[in-house]
Amino acid sequence: MTPAKVRAEAARILTHLISGQQGSLANLMPRGTSADDAQGLPLLQELCFGTCRWFYRLEAQLQNFLDKPLKKKDADIHCLLLIGLYQLEYLRLPAYAAINETVNAAVVLKKVWAKRLINAVLRRYQRSRDEKQNSAAPPHNTAEQYAFPAWLADALQQAWPEHYPHVLDQSNQHPPMTLRVNQQHISAADYLLELEQAGFSGQVGKFSETAVYLDRAVAVSALPGFADGWVSVQDEASQLIPGLLQLLPGLSVLDACAAPGGKTCHILENQPRLASITAVDIEERRLNRLHQNVQRLRLPEHALRVKAADATKPDQWWDGSPFDRVLLDAPCSASGIIRRQPDIKLLRRAEDIPRLAALQARLLDSLWSTLAPGGLMLYTTCSILPAENTLQIAAFLHRTPDATEIPISGEGSSGRWGIQCLHGRQLLPENHGPDGFFYALLQKAADQPQ
Ligand SMILES: C[S@@+](CC[C@H](N)C(=O)[O-])C[C@H]1O[C@@H](n2cnc3c(N)ncnc32)[C@H](O)[C@@H]1O
């Protein structure tokens, strides 16, 4: 891809994303199967993810330089202007090259008329930056400063008055590349030595004994032992789950929203002598990756049962034998992983939250019936919004007489993690640390109420 084509492709992807049609950046990105595609892929990714990360700020800046809004049919040119601003504001490219290639992208989009407009807007923006020595215009409010949609910035301010705007700032940082070391093969400390011998550097995680943070992202194929199942890529927050589940040989475990199976595999790495582990997910296609990973990680397959099914309808997939442990890693807003998926800022709407909370409540209620008396259910989300987390659990405890909460102390391998909530424990996203994540541990009464 030529530099102009990369910018045109980024504009097409963003136009699709913003139009509200189905698709996330991860799905819209080309796979880079041809050598030509692969060459432009890093820049394409940078332009798409970066423009999403700063979208709300760039959008506000752009208004100062546009005489009138563009027509709806020219949304691609609007996106190209945002991509242009992003390059000038956040990338260390020579300004003339960024401007020229963005102008040329209009030709690739078959909109030659837009060349003059793009050239004029970007040059005026650059002049204004030069005059003010840095940023083009000061942001009007915190949401604009941190490039968040107002509804989400407000919700986070209300939820975390002491931690806001740190939470917003952390959500805009580039995420670390974190590995989960397969403890059936090697310890995190020994894997770090392997990494060093291969010319990479990193640190072991503070909270999970299987986590290794790389100082720099690398292709997984370059990681020592990746093909042989020594490591997987997984954030440290997710790696705390097996420890909380109190796994023992001979237990039966349900992973109710399992695809693509990162946590199922970790559970098996942590306790390969389970009687069974049942992985359920409504998306069959995403479950295929679970089989591939179980094989790569050389995990025992005899205990694994995989079911593509709706977890809210146990009568369609459950044989009636209760599970000793249930993990409900619920579908959620993903507000705790915006640093990894900045398109969440554009894709989520305020009205999604009550809809997701209702689905989570249905999952909690249905799956509770599959849990054995005395058994444990771990409810987790990668959300930092109370409606999906502590308030969700408060309501569940209120309507479920045989459920009690087991407090989570947050004792990690070298430090205490998270914030104790009214119910459950919350991690907020932290630079060089874990994603935003929520955990609540629930126990079913050993004697059922009459
Ligand atoms: C947070 S993701 C799970 C990630 C997974 N636990 C892992 O670690 O790889 C939530 C999952 O819930 C699934 N899901 C959503 N609604 C569901 C339902 N009614 N029944 C089962 N799975 C559902 C989605 O397909 C998605 O894969």
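The values are calculated or read from the model by the stated rules, or taken from the named source; none is laboratory data. Note that this is a predicted model, so its numbers are computed, not measured. Cβ sites come from the backbone with ideal geometry, for glycine too, and all protein chains shown count toward neighbours. Heavy atoms of the whole protein, side chains included, go into the accessibility calculation; ligands, DNA and RNA do not. Shrake-Rupley method; radii C 1.70, N 1.55, O 1.52, S 1.80 Å.
Length gained on full extension, residue 248 to residue 215: 8.5 nm, using 0.36 nm per residue less the C-alpha separation.
Once the Cβ-Cβ distance of residue 305 and residue 222 is raised to the sixth power relative to R0 = 30 Å, the FRET efficiency obtained is 0.30.
For the stretch 31-175, the solvent-accessible area works out to 53 Å² per residue, with a probe of 1.4 Å and every protein chain left in place. For residue 312 and residue 422, a Förster radius of 22 Å and the Cβ-Cβ distance give a FRET efficiency of 0.30, rounded to the nearest 0.05.
Counting only lysines at least 8 places from residue 132 when in the same chain, those with an alpha carbon closer than 27 Å to its own are 68, 115.
Please find the FRET efficiency linking residue 362 to residue 402, where r is the Cβ-Cβ separation and R0 is fixed at 25 Å, and quote it to the nearest 0.05. Efficiency, rounded to the nearest 0.05: 0.85.
In the stretch 238-444, taking the dipole from charged Cβ atoms about the Cα centre, the farthest positive-side position among 433, 367, 258 is held by 433.
Starting from the Cα-Cα distance between residue 284 and residue 124, subtract it from 0.36 nm times their residue separation and give me the gain in nm to one decimal. Before the final figure, lay out each step's value.
Values: separation 160, 0.36 × 160 = 57.60 nm, distance 5.02 nm.
Gain on stretching residue 284 to residue 124: 52.6 nm.
Could you name the aspartates and glutamates in cross-link range of residue 72, using Cα to Cα under 13 Å and dropping any fewer than eight places away on the same chain? Within the straight-line limit of under 13 Å, residue 72 reaches no aspartates and glutamates at all. To test your reading of the geometry: what angle, between 0 and 90 degrees and rounded to tens, separates the Cα axis of helix 284-296 from the longest principal axis of the chain? So the inclination is approximately 70 degrees.
Please get the size of the charge dipole for the chain, origin at its Cα centre, with Cβ charges of +1 on Lys and Arg and -1 on Asp and Glu, quoted in debye to the nearest 20.
Working: 45 positive and 46 negative charges, 366 e Å.
Rounded to the nearest 20 debye, it is 1760 debye.
Using a 1.4 angstrom probe on heavy atoms only, work out the carbon and sulfur share of the accessible area of the chain in %. That fraction is 51 percent.
Placing one equal scatterer on every Cα of the chain and applying the Debye formula, the log10 ratio I(q)/I(0) at q = 0.10, 0.11, 0.12, 0.14 Å⁻¹ is -0.79, -0.94, -1.08, -1.34.
Using a cut-off of 19 Å between Cα atoms, the listed pairs 71/110; 71/345; 73/111 include 71/345 as exceeding that distance.
Multiplying the residue separation of residue 158 and residue 431 by 0.36 nm and subtracting their alpha-carbon distance yields 96.1 nm.
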